[in-house]
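Q: I'd like to ask you about the structure that follows.
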Amino acid sequence: MALAVTSSNSISSSSFALTSSSNDIKVSQIGSFRLVDRAHVASTSLSQRRSLVRPLNAEPKRNDSVVPLAATLATPEVAEKVEGEEDFEQFAKELENASPLEIMDRALEKFGNDIAIAFSGAEDVALIEYAHLTGRPFRVFSLDTGRLNPETYRFFDEVEKHFGIRIEYMFPDAVEVQALVRSKGLFSFYEDGHQECCRVRKVRPLRRALKGLRAWITGQRKDQSPGTRSEIPVVQVDPVFEGLEGGVGSLVKWNPVANVKGNDIWNFLRTMDVPINSLHTQGYISIGCEPCTRPVLPGQHEREGRWWWEDAKAKECGLHKGNIKQEDAAVNGNGNGAGNASEAVADIFNSQNLVTLNRTGMENLARLDHRQEPWLVVLYAPWCQFCQAMEGSYVELADKLAGNGVKVGKFRADGDQKEYAKQKLQLGSFPTILFFPKHSSKPIKYPSEKRDVDSLMAFVDALRWRNLETVAVGRGGASCSNGCRPAMARLRRVVLVSQ
């Protein structure tokens, strides 16, 4: 994309010309423009606004001796509504039952060279296949955060060769990355949440990319993240980012596979013999940056492999921030916990064999050095989908342990109790399961994400028998019996699986 500029101050919209065909895609076409004076733009007409953009390479040279703190750099907000925008809400209703291929065709037909597919290097390669099947020219861009898996980089190369395309890569600002790493280290997201790192490495590069477009295409599906994506439409006005024209309504977001199930996506990829990221064969489903992505176990939701040390309430990196509803605003920057909006959710883990602990009861239990019986306690939030998913197995476990020398309890650790649980009870994410031994004040945290009855029982049995063995040895050196060592072996297998 080239910019034809005259020396006059009144440059009309006709002064802009595309010098390359849609088949000759230039990397510089994405993120090529930015507004130079937002206050002035707000007071000008749409035709005048076009004359106020300039190439990014025309901005003043940065003083690299002054390194800004990445965490304090403000992200510009959408501030203006574009008049005469189309009714994309009605458009979404018309396309609600359309196939992904039809939706993709309509998107490419409507926006031509001003639309691009956002490719993450995962199963969203299906979008590229759909675009290829339309027979229309299309563009693809991707965010290279600098922290991707080697398999993902090789996959990018394979996709380019398979489809005969060039992916337009966007990179984070080197000075911002440098400031973040120098001030907080390489892995700060494990301590204070992923949002800041994602903002520097993903959100801001995406914002630059979208400023050169009028529409973009994503691989979001409703079944990917029940907490944030269950209501996404097939097409919408982007509620967060601005497009080429600037202002609210200047960017359209297409989600062609919004109504497609994950299994159907994979059936499509296999049928069409489309290359896939080799990480998928290693247990990865949702794929992001290497430090923040891991394989999931059978039966786990695909998003459990992302930012696993945080809660599942709002697992979004910021690229699709508009999915998070206003009532979820009480969730903090780490994606952990819920505020008062979740108070009305019905309680879970209800059984006559389960003891409900309040804050005082939890504090008393944690202070005891010698308990009459060991305790197993789950720290939970009733709104958490993973807590809900393990409710049946935990209640069954409580029933099995009733009268067998282990008390089973629950402690609601969200809201006002969350900070206490994080500081005193090792809460990292919901659910957290703790075993309080009979003769020790320090609780032992369940290390696995396998929350079926057998795995939980192996954990309890191993620690319960280990406690007896310690007491027996202390009284005369006798070894444990009745299955202590088999139980310990089961626990070791649980730990190995979790690793």
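Q: Kindly report, to the nearest 10 Å², the accessible surface of residue 370 as traced by a 1.4 Å probe over protein heavy atoms only.
A: It works out to around 130 Å².
Q: Convert each backbone phi in region 435-440 into a coupling constant with the Karplus relation 6.51 cos²θ - 1.76 cosθ + 1.60 (shift: θ = phi - 60°), then list the ³J(HN,Hα) values in order as whole Hz, x for Gly and Pro.
A: Karplus values, whole Hz, x for Gly and Pro: 10, 9, x, 5, 10, 8.
Q: Modelling each spin label as a point 7 Å along the Cα-to-Cβ direction, I'd like the residue 93/residue 389 distance in nm, to one decimal.
A: It works out to 3.5 nm between the two label points.
Q: Also, I was wondering about something else. How many percent of the accessible area of region 104-157 is carbon or sulfur, using a 1.4 Å probe? Mind dumping the intermediate values first?
A: Values: 760 of 1660 Å².
Answer for region 104-157 is 46 percent, counting heavy atoms of protein chains only.
Q: Quick one: ranking 351, 230 by accessible area, 1.4 Å probe, largest first, what do you get? Don't skip to the end; give the middle numbers.
A: On the way: 351 35, 230 55 Å².
The most accessible residue leads, giving 230, 351.
Q: At 1.4 Å probe size, put 265, 276 in order of accessible surface, largest to smallest. If you can, show how the numbers build up before the last one.
A: On the way: 265 5, 276 60 Å².
Result, largest first: 276, 265.
Q: Sticking with this structure for a sec: So, taking all protein chains as they sit and a 1.4 Å probe, how much accessible area belongs to residue 130, in Å² rounded to tens?
A: 20
Q: Per-residue counts of other Cβ atoms within 10 Å, averaged by peptide: what ranking do you get for 282-289, 132-139, highest first? Could you put the intermediate results ahead of the total?
A: Values: 282-289: 19.2, 132-139: 16.8.
In descending order of packing, they fall as 282-289, 132-139.
Q: Follow-up question, since we're still on this one. Would you work out what percent of the accessible area of region 212-268, with all protein chains in place, is carbon or sulfur (probe 1.4 Å)? Don't jump to the answer; show the numbers that get you there.
A: Details: 780 of 1580 Å².
The C+S portion of the solvent-accessible surface of region 212-268 is 49 percent.
Q: Students often get this wrong, so check it: of 184/442; 407/442; 400/445; 410/438; 184/422; 222/253, which have C-alpha atoms separated by over 25 Å?
A: 184/442
Q: Can you tell me, using C-alpha contacts under 8 Å and at least 6 residues apart, the relative contact order of region 176-239 as a whole percent?
A: 17
Q: Using DSSP to call loops (not H, G, I, E or B), can you name the trypsin sites (Lys or Arg not before Pro) in region 184-278 whose Cβ has at most 16 other Cβ atoms within 10 angstrom?
A: Working: sites: 184, 199, 201, 202, 207, 208, 211, 214, 221, 222, 229, 253, 261, 270; in loops: 211, 214, 221, 222, 229, 261.
Loop-located and lightly packed - 261.
Q: Whose amide H sits under 5 Å from the amide H of residue 251, counting only residues 5 or more places off or on another chain, with H placed in the peptide plane?
A: 238, 243
Q: Near residue 398, within a Cβ-to-Cβ distance under 13 Å, what is the net charge of the other residues, with Lys and Arg +1 and Asp and Glu -1? It would help to have the intermediate numbers written out before the result.
A: Values: positive: 400, 407, 410; negative: 391, 396, 399.
Computed value for this residue: 0.
Q: So, counting K/R as plus one and D/E as minus one, what does the shell of residues with Cβ under 11 Å around residue 180 add up to? Please report the intermediate quantities before stating the final value.
A: Numbers: positive: 182, 184, 199, 201; negative: 173, 176, 196.
Cβ neighbours under 11 Å give a net charge of +1.
Q: Sticking with this structure for a sec: Using a 1.4 Å probe, what is the accessible area per residue for region 363-448, in Å²? Before the final figure, lay out each step's value.
A: Working: 3540 Å² over 86 residues.
In whole numbers, region 363-448 has 41 Å² accessible per residue.
Q: So, counting K/R as plus one and D/E as minus one, what does the shell of residues with Cβ under 11 Å around residue 277 add up to? Could the numbers behind the result be given before it?
A: Numbers: positive: 154; negative: 123, 124, 151, 158.
Its environment carries a net charge of -3.
The values are calculated or read from the model by the stated rules, or taken from the named source; none is laboratory data. From a predicted model like this one, the values you see are computed outputs, not experimental measurements. Cβ coordinates were reconstructed from backbone atoms using ideal geometry, including for glycine residues, and neighbour counts include every protein chain displayed. These accessible areas exclude ligands, DNA and RNA; they are computed on the full protein's heavy atoms, side chains included. Shrake-Rupley method; radii C 1.70, N 1.55, O 1.52, S 1.80 Å.
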